[in-house]
Amino acid sequence: SAPQTTLTPSGNLYYDGQHYYAPGNFTYTLSAIDQYSGIDRIEYNINGSTFIKYVQPITFKNMGEGMYTINYRAIDKAGNCEQAKAKTIIVDPIAPAAPTGFNISQVNFQIHLSWNRNSESDLAGYNIYRDGAKLNTLLPTQLDYYDLIVGGKTYVYNVNAVDRVGNESPFSVSASISTASTMPIIQYPTNGSFSADSPIAVSGNSEPAAIVNIFVNGVSAGTTTASSNGSFSLSKVNIREGENTL
């Protein structure tokens with residue numbers, strides 16, 4: 001029996017229902033198995049040229065954009081030759097253009113980013129970066145993005161475009177914003193004079209994700225973290241008999 005050869009790309013190919021697409025930097029590895037005598041050699045050609053011995057992964061990195069067919073087969077040590085298989089791939093090495101119209105604004109404790117739509121027909125979506133780190137895990141296709149921030153800091157944002165085979169565009173222009181810092185406000189107990197037994201619950205509003213330290217008479221009574229909408233609370237705060245200052 002003839003051996004069997006498998007072609008493995010270095011990444012996921014995009015399939016549009018008719019053709020497979022890949023970026024120019026993908027490589028293609030050939031491996032073969034034979035049940036009895038073992039593999040003598042693997043052969044391949046590109047677009048119907050003469051078969052040559054496979055010695056290293058195949059790449060189209062320096063061959064440019066276009067459609068390429070890899071024909072491949074293996075021959076075992078008993079002389080059995082596999083019927084050639086074929087894989088046709090359209091190589092797309094061209095990245096999208098950098099997004100334009102990048103704009104940034106602050107809405108409460110969120111940063112709102114927006115940009116213009118790219119014109120490429122093979123566009124897959126956009127990546128959003130803050131201070132050089134990518135924020136998104138999935139690839140958003142919308143033209144804006146909200147990011148939860150903390151006051152009293154400066155943030156630098158960029159966005160780039162990604163096509164369906166994973167080519168990334170250059171970054172858009174950078175946009176930076178400095179956010180104002182807002183002190184926590186205790187809402188309960190209310191400001192002024194308030195009568196209560198010990199212990200009490202303390203709650204209020206602050207910046208989202210802020211660490212709020214509650215002091216009673218100048219001594220820390222515990223910390224709590226503000227939620228995504230800025231609310232915070234700390235239960236079982238002990239007060240002494242008589243007057244207390246929070």
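The values are calculated or read from the model by the stated rules, or taken from the named source; none is laboratory data. Note that the structure is predicted; figures quoted are calculated from it, not measured. What goes into the accessible areas is simple: the full protein's heavy atoms, side chains included, and nothing from ligands, DNA or RNA. Shrake-Rupley method; radii C 1.70, N 1.55, O 1.52, S 1.80 Å.
The residues of the chain expose, per residue, 57 Å² of accessible area to a 1.4 Å probe.
Contact order normalised by length for the chain, with contacts defined as Cα pairs under 8 Å and 6 or more residues apart; what percent is it?
Answer for the chain is 13 percent.
Once Cα extents along the principal axes in Å is worked out from the coordinates, which option in [x] 60, 44, 40; [y] 99, 47, 27; [z] 67, 41, 32 does it equal? Structure-derived value, by its label: [y]. Considering only alpha-carbon pairs that sit under 8 angstrom and 6 or more positions apart, the relative contact order computed for segment 192-246 is 42 percent.
Surface composition of the chain: carbon plus sulfur atoms hold 49% of the accessible area, using a 1.4 angstrom probe and ignoring ligands, DNA and RNA. Springs between alpha-carbon atoms under 10 Å, Gaussian network over the chain: tell me which of PHE60, PHE51, PHE171 tops the mean-square fluctuations. Of the options given, PHE51 has the highest mean-square fluctuation. Extents of segment 9-92, largest first, come to 40, 24, 20 Å (Cα atoms, principal axes, whole angstrom).
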